[in-house]
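Rule-based calculations on the coordinates, nothing more; no lab input. Since this is a predicted model, take the numbers as computed values, not measurements. Every residue, glycine as well, gets a Cβ built from its backbone with ideal geometry; the counts of neighbours run over all protein chains shown.
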Amino acid sequence: MMSINETPPPSETPAVPPEAPPPPQPPQKISRKALYSAIGLIAIIAVASVIALMYLMPTGEAATIPLGMNYSEGESMTYNLTMTMTVSALGASYTQTATATIQMEVLSFDGTNYTIRYTMEMYSPTYSHFSYTVTMNKTGHILNYTDLPSEFQETYSLLAGMPGYGTYFPRKK
């Protein structure tokens, strides 16, 4: 039994109240002198970097690259093309896909001009096969062509952006 003067043993220690976060500190101002010093240091580093790069860069002219065709006699190249055209009008669309194989064979080179034989096979709604010969200079400019069927002259002009199809380098370097 317990008497009135006795106190029971503490079953738990009282909880420590949480500490309140410290009040926010006002931001410190950077003095103008420190700010100007930092800006000046950055400017000095930038100028020094530019000067160092100027002295590290190679001097003189950049290397020139000769532009032009460099085929070997007897060389043969084959291009496989797939062309898709979609036409939309009045809410309807029509898509047509055509494939073609173009083979270029270098027949001769006289030191200035190439003679190249082209063989084309086109698969669209109909099959077409034809060959023709082209004379082109080293810059890729086509001087003349023979044996090109008249119905393909328009197609030939459409292919003008392909290698050897009228694309040429206007300068030698």
- Task: Beta carbons within 10 angstrom, averaged per residue: use that to sort the peptides 134-140, 70-76, highest first.
- Result: 134-140, 70-76
- Query: Near the amide H of HIS141, under 5 Å away, which other amide H atoms are found, from residues 5 or more places off or on another chain, if H is placed in the peptide plane?
  - Reply: PHE169
- Sorting HIS141, HIS129 on the 10 Å Cβ count, fewest up front, what's the list? HIS129, HIS141
- Which order do GLU19, GLU121 fall in if you start with the one that has the fewest other Cβ atoms within 10 Å? GLU19, GLU121
- Under the Karplus relation 6.51 cos²θ - 1.76 cosθ + 1.60, θ = phi - 60°, what is the ordered set of whole-Hz ³J(HN,Hα) values for the range 41-48, x standing for Gly and Pro? 5, 5, 5, 5, 5, 5, 5, 5
- Task: Output ³J(HN,Hα) for the range 92-97: one whole-Hz value per residue in order, computed from phi by the Karplus curve 6.51 cos²θ - 1.76 cosθ + 1.60 with θ = phi - 60°, and x for Gly and Pro.
- Result: 10, 10, 10, 10, 10, 10
- Amide H contacts under 5 Å for GLU75, placed H, 5+ residues apart: VAL106
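Neighbouring Cβ atoms within 10 Å as the yardstick, rank ILE42, ILE102, ILE65, ILE116 fewest first. Kindly include the intermediate steps, with their values, before the conclusion.
Values: ILE42 10, ILE102 19, ILE65 6, ILE116 23.
Starting with the residue having the fewest Cβ neighbours, the order is ILE65, ILE42, ILE102, ILE116.
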